[in-house]
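To keep things clear, I will list the structure first and then write my remarks on it.
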Amino acid sequence: MALLELSGVTHTYDSANNSWWKSKQKLQGAVVKDISMTLEAGQCIGLLGGSGAGKSTLGKIMLGLQRPQRGSVLVDGKDMYACDNRTKKQLRKHVQAVFQDCYSSVNPKMTAAQIIGEPLDNFERLTNGEKDYRIGEALDIVGLPASAMNKLPRQLSGGQLQRINIARAMISRPSFIVLDEAVSSLDIANQVHIIDVLRDLKKQRDMSYVFITHNLKAAFALCDRWTVLDQGSLCGSFSTIAEMKVSREPAVKQLLDASLSGHPELGTIRKDRPFYVDAGQRKGAWA
Ligand SMILES: Nc1ncnc2c1ncn2[C@@H]1O[C@H](COP(=O)(O)OP(=O)(O)OP(=O)(O)O)[C@@H](O)[C@H]1O
């Protein structure tokens, strides 16, 4: 069974127009159009596309934050928009998110330990000792020292705070994490570190992600499959870069042209040793 299964998901923010979906032509007005896709355990899907393509809307729909007008969203086989409240609460534990703006994602008055421990408070009954152990373990996984526990968000850099957000997202051992432009606002060194953390988590804990981004290179470094949205429609799903390079879809070509033209590693990108590893040594190669 897939961790996440979307079938015929369609959404418009124009709720005043309730008849739009009755006509196929009116589907043009939807920001997400008839999307069907699945995410399997241990898989990372890159959700790509230009600005306004519908990526964040689809991400919110996957997270249970935006009910689509049509279609279904199954998490671990349960329809997250058609289940009872108890099941919904259970599903919320299994679906976590990391957003682009790390500072607005947290309460500025909470310490790093309190932020990371929030899902444990919400979903698990642990002793203080067990909770501290899990928080320490999560900090270690994202590469921060135990001394970071008592820091407030304003005492942390953007990269450190984004690692705290990742620690919070993974601590309750979710089925998958939706990462919406989670590395986009960071400098290149922090992007590389965060991608490293996410790759390690995926390898060690079989973690699954939906990685929403404009940044094709970051998506190549992390994902096993790349799905491209164009004006709300799915216009391609690729499991190799070679497949993507022969696509005739203008939106796919545009993404590749914008991201890879002139890149020294074009044509030799390998998933087992992606170019971001070199980026740390040859600054600018990835920028
Ligand atoms: N809350 C909202 N109310 C009305 N329209 C919205 C809302 N959120 C997004 N939209 C519109 O839906 C469309 C898709 O937006 P969305 O943010 O999902 O795209 P995106 O691919 O994530 O874009 P970007 O990469 O620029 O963040 C856009 O035209 C946007 O203006």
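Would you confirm whether or not the range 35-55 contains a residue that is crowded, with 16+ Cβ neighbours inside 10 Å, within 16 Å of the ligand (Cβ to nearest atom), at negative phi and among the β-branched types (V, I, T)?
yes
Cβ-Cβ distance below 8 Å, separation of 6 or more or different chains: which pairs start in the range 178-196 with a residue that is in contact (Cβ under 8 Å) with a residue 40 or more places away in the chain and more than 10 Å from T213 (Cβ to Cβ) and end on one that is of a type in the set (S, T, Y) and crowded, with 22+ Cβ neighbours inside 10 Å?
Listed by first residue and then by second, the contacts come to V178/Y209.
Exactly one condition in (1) more than 27 Å from R163 (Cα to Cα); (2) in a loop (DSSP other than H, G, I, E, B); (3) at pLDDT 90 or above is false for A16; which is it?
Among (1) more than 27 Å from R163 (Cα to Cα); (2) in a loop (DSSP other than H, G, I, E, B); (3) at pLDDT 90 or above, the lone unmet condition for A16 is (3).
Restricting attention to the range 56-87, and to residues there that are of a type in the set (D, E, K, R) and out of contact with any Phe, Trp or Tyr (no Cβ under 9 Å at 6 or more places or on another chain), which single residue is nearest to the ligand (Cβ to nearest atom)?
Restricting to residues being of a type in the set (D, E, K, R) and out of contact with any Phe, Trp or Tyr (no Cβ under 9 Å at 6 or more places or on another chain), the top hit is K60.
Got a number for residues in the range 222-247 being surrounded by 21 or more Cβ atoms within 10 Å (Cβ to Cβ), assigned to a helix (DSSP H, G or I) and more than 14 Å from the chain's Cα centre (by Cα)?
1
For a quick check of your reading of the model, give me the residue pairs whose first member lies in the range 46-67 and is touching a residue at least 12 places away in the same chain (Cβ under 8 Å), whose second is of a type in the set (D, E, K, R) and within 6 Å of the ligand (Cβ to nearest atom), with beta-carbon atoms closer than 6 Å and at least 6 apart or on different chains.
Listed pairs, sorted by first residue: L47/K55; G49/K55.
Considering D121, D132, which residue is modelled with pLDDT of 90 or more, assigned to a helix (DSSP H, G or I), within 28 Å of G64 (Cα to Cα) and acidic (D, E)?
After ruling out the rest, the residue left standing is D121.
Among the residues of the range 220-236, write down those that are within 16 Å of the ligand (Cβ to nearest atom) and either closer than 13 Å to G46 by Cα or basic (K, R) (or both).
W226, T227, V228, L229, L234, G236
The values are calculated or read from the model by the stated rules, or taken from the named source; none is laboratory data. Since the model is a prediction, treat every value here as computed from it, not as a measurement. Note that each Cβ is placed from the backbone with ideal geometry, even for glycine, and that neighbours are counted across all protein chains shown.
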